[in-house]
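Here is the structure we will look at.
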């Protein structure tokens, strides 16, 4: 089967973005994984990765670490798909190390989560490091590693945004100018290797803040979670004159729902929820629902993030109505959330809404019977 059949013809013939030494293994590996043959995919991609690491970085031309990490991500994805998540975890760590600064004596042997990024990276490459460290946090949880390991990677992704992206003047200027060259390179790498949207240049920088906030929320640390959620929202919906996309508004609305839940948890004494906490939580829930409702109306077709956020916000408002004693309205909103979740195939939303409908109206209602975790 030809490379063109996979949409790779233009990349192979017209834009050889990777050195010749790795091209054949790289694309053979990609073809194998596309066929579902992860064994051959891993074999070829592993060879490509080992060869790539042995080559001078200059061989990769412009934005070399974007291309190098692209190979690692493809390999890690093949490992994960074949059930070797631990090996995927190791490859992601290697990919992050490629983006880090080893100029300090002994830095190569130090913990990767304590090292800064190389000073000569483009915005695209810095954002890639954020995405990789966030992915390591996700896999740490999947692999049931100690919570402190998940926290370590998620915290590193947040610190990288603050220290190595937002805190660097040259990078801030690059973001403002919207560097078209690096954006095109990132787009080509992403499309050629069929990497998930997570690895695109304009990866949502708010995601690490939300992920770390969710980690603290799950582990009973609302004081740590709340400011991270606020920071995520401020990144997604900056003040005027900056323009916010409808998708980012929906992402922000979803986080407002998480804040609403967090307020309920913090205001619960086991038997019920403090009235002031319910009022505050309802304000966040209504704001989030209003944002998603408006955003959904502006799309001609369903937009995934907005549809999920809408189901989530309906559920949040229903939860608050139930805790406030308005069982009729709560049931109505839970049913709306269930219908919306079914319409978009949102399994978690279906499960939570069905569970809530079964218990709504019971006396006394328990927080644990309604909150997702």
Checklist entry - So if we plug the beta-carbon distance of residue 355 and residue 166 into 1/(1 + (r/R0)^6) with R0 = 51 Å, what FRET efficiency do we get, rounded to 0.05? => result 0.80
Next on the checklist: Using the basic label-point model (7 angstrom from Cα toward the beta carbon), what is the residue 39 to residue 244 distance in nanometres?
Outcome noted: 5.1
Item to check | residue 293-residue 234 pseudo-label distance in nm [points 7 Å out on the Cα-to-Cβ vector] | outcome: 2.9
Item to check | Exposure proxy ranking, count of Cβ atoms within 10 Å, fewest first, for 99, 139 | outcome: 139, 99
Item to check | Gain upon complete extension [residue 276, residue 85; 0.36 nm per residue less C-alpha separation] | outcome: 64.3 nm
Checklist entry - Measuring from label point to label point, each 7 Å out along Cα→Cβ, what is the residue 144 to residue 326 span in nm? => result 4.3
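Values quoted throughout were computed directly from the atomic coordinates according to the rules given, and no laboratory measurement underlies them. Owing to the predicted nature of the structure, the values given are computational and were not obtained by experimental measurement. Counting neighbours? That spans all protein chains shown, and the Cβs are built from the backbone with ideal geometry, glycine included.
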